[in-house]
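These notes are about the structure you will find just below.
The values are calculated or read from the model by the stated rules, or taken from the named source; none is laboratory data. What you see is a predicted model; the values in this text were computed from it and never measured. Using ideal geometry, Cβ is built from the backbone for each residue, glycine included, and neighbour counts are taken over all protein chains shown. Remember, those area values only see protein heavy atoms, side chains included, never the ligands or the DNA or RNA. Shrake-Rupley method; radii C 1.70, N 1.55, O 1.52, S 1.80 Å.
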Amino acid sequence: MYIVFEGIDGAGKSTQIQLLKEWLEANGFEVETMVEPTDSEVGKLIRRILQRPDANDDDVQRVLALLFAADRMFIMDKLNDDSKIIISDRSFISSLAYQEPLEWVEEINKYAKRPDLLILLDLDVKKSVARTSGKDTFENEEFLTGVRDNYLDLVKNYEHQIIDANNGVNKVSSDIKKAVAPYLGLCPDCIL
Ligand code: TYD
């Protein structure tokens, strides 16, 4: 099963993925986690470009869209491993939410693997800016409002669960477990 976590910056994806992984392992599942951008050469290049002052310019954004798409081609084989649960921190759905134009971004990502389950950690944009200190490329309120709206539209195309990420870590974690449990034949109430 390929489970993807999406959400705007600061939504708590990495913390929640770790908690879900530990819980699934305690229930006997083999779990592997992934992060996009990856730590490949392309992923490193992406992180460098994201630091540039002109990272929001249209031409740089188009370069980034191509690099995000290229970077995820490195992990396609791993994602096709059916022997375990793979949980990914972001996916091509981040590109659909952050980059544009949508039709082109869909086209360059057409070989990217679709998730079996998409978990959207839905965080208030003002909280996102406060949590991330609002200084990096994508961390401003107007931009993130658009990204959040994109996510709420995009999730409809996939098997998904929207989780309110404005709550405390433990509440969010138990909401995620309850949402994931039925897909794996787990009883949500007896193993929290
Ligand atoms: P992320 O690793 O979530 O941020 P951080 O380094 O703070 O942990 O991702 C880096 C940024 O890249 C984030 O603002 C979202 C953005 N991004 C895209 O715009 N498109 C994509 O396809 C991906 C995977 C990430």
inquiry  = Being open to solvent by less than 20 Å² (accessible area, probe 1.4 Å) and not β-branched (Val, Ile, Thr) narrows it down to one residue among Leu120, Leu102; which is it?
reply    = Leu120
note = Scanning segment 160-192 for residues that are outside any loop (DSSP other than H, G, I, E, B), open to solvent by 60 Å² or more (accessible area, probe 1.4 Å) and of a type in the set (D, E, K, R) gives Asp164, Lys171, Lys178
note = Among (1) touching a residue at least 12 places away in the same chain (Cβ under 8 Å); (2) more than 13 Å from the ligand (Cβ to nearest atom); (3) open to solvent by less than 60 Å² (accessible area, probe 1.4 Å); (4) more than 28 Å from Met1 (Cβ to Cβ), Val129 falls short only on (2)
remark   = Within segment 43-65, the residues that are under 18 Å from Arg90 (Cα atoms) and polar (S, T, N, Q) are Gln61
inquiry  = Condition check: buried (at least 19 other Cβ atoms within 10 Å of the Cβ), in contact with a Leu (Cβ under 9 Å, 6 or more places away or on another chain), closer than 19 Å to Pro37 by Cβ and touching a residue at least 12 places away in the same chain (Cβ under 8 Å). Does Leu96 satisfy that?
reply    = yes
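Consider Thr38 carefully, then state whether it is in contact with a strand residue (DSSP E or B) (Cβ under 7 Å, 6 or more places away or on another chain) and either open to solvent by 10 Å² or more (accessible area, probe 1.4 Å) or within 9 Å of the ligand (Cβ to nearest atom) (or both).
Numbers: in contact with a strand residue (DSSP E or B) (Cβ under 7 Å, 6 or more places away or on another chain): no; either open to solvent by 10 Å² or more (accessible area, probe 1.4 Å) or within 9 Å of the ligand (Cβ to nearest atom) (or both): yes.
Spelling it out, it is not the case that Thr38 is in contact with a strand residue (DSSP E or B) (Cβ under 7 Å, 6 or more places away or on another chain) and either open to solvent by 10 Å² or more (accessible area, probe 1.4 Å) or within 9 Å of the ligand (Cβ to nearest atom) (or both).
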key: For Asp89: the one exception among (1) acidic (Asp, Glu); (2) surrounded by 14 or more Cβ atoms within 10 Å (Cβ to Cβ); (3) in contact with a helix residue (DSSP H, G or I) (Cβ under 7 Å, 6 or more places away or on another chain); (4) more than 19 Å from Pro37 (Cβ to Cβ)   = (4)
request  = For Asn157, work out the one condition from (1) modelled with pLDDT under 95; (2) exposed (fewer than 14 other Cβ atoms within 10 Å of the Cβ) it doesn't fulfil.
outcome  = (1)
task = Find the residue count for segment 52-84, including only residues that are touching a residue at least 60 places away in the same chain (Cβ under 8 Å) and open to solvent by less than 10 Å² (accessible area, probe 1.4 Å).
result = 2
